[in-house]
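Written out below as structure tokens is the structure these notes cover.
Computed from the coordinates by the stated procedures, all read-outs in this text should not be read as laboratory data. What you are looking at is a predicted structure, and each value in this text was computed from that prediction instead of being measured. Methodologically, a virtual Cβ is constructed for each residue, glycine included, from the backbone with ideal geometry; neighbour enumeration extends over all protein chains shown.
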């Protein structure tokens, strides 16, 4: 008959009851079993989830509405000193471009007017695609690429916010206002629909906000998203074609200068880099900082508890 070991006395475990002749060493707790480590792990999980998932939709809608309202209102009210400085800046821009040999706007404008159907298409493109493509990509990112949404959304907001400062500090008349130089507004010349074709266009927006060009900047942002996240070759090709087409349109329709486009592109490129660093690098730094602070807090708490127990033990009467 097989023999079984007698049950351990009550209150003892098999390890303590086994006569091994050795004093059992205390078992070291794993990092996962420590309560503080568990809290840190949960913090890391929440932090990474907060940066990888899309924020609540209602908050994004409110944020976009507030930001775009501020963008539109700022464009309306920023020009307070008249238009003299805007035209002076336009002359300065043209003089600088001529000195650099990059003043191609007038040639592109004349070439476009020679092809009326293309000019009308360019007017439509300028008035609509800037908003349609950008908004569509923002919605697509939120829905299908939540892990990329936050930093890409923040990049375009940083660039647009900085552009408002440019509109304020450097009002600039677009080339279509420089009829004496030879520029022609294709919307007016062809009586076609365009961004500023309405009777109230001059009062509903600041038409002297040409520097920097957010048409060029936002189109680069859209192209970057398509090239980075597109899975089909034709989508990536559109990502390259769209910003190139946008720049040609804004120049040939006499809405922007070359330097406007260059600065708008540089602004969005810098904002993309900054936002990527903030969202892709900062979480790990925050996690390390949180771990260091948590360790110091736990150490200080343990010291306080030890002192309180010592004081309580010294002041309490001995029990019989």
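Could the peptides 124-136, 145-157 be put in order, highest first, of the mean number of other beta-carbon atoms found within 10 Å of their residues? It would help to have the intermediate numbers written out before the result.
On the way: 124-136: 16.2, 145-157: 18.2.
Listed from highest to lowest mean packing, they are 145-157, 124-136.
Were the residues from residue 228 through residue 65 laid out at 0.36 nm apart, the gain over their Cα-Cα distance would be 56.0 nm.
Site pair residue 102 and residue 188 shows an inter-label distance of 2.7 nm when each label is modelled 7 Å from Cα along Cα→Cβ.
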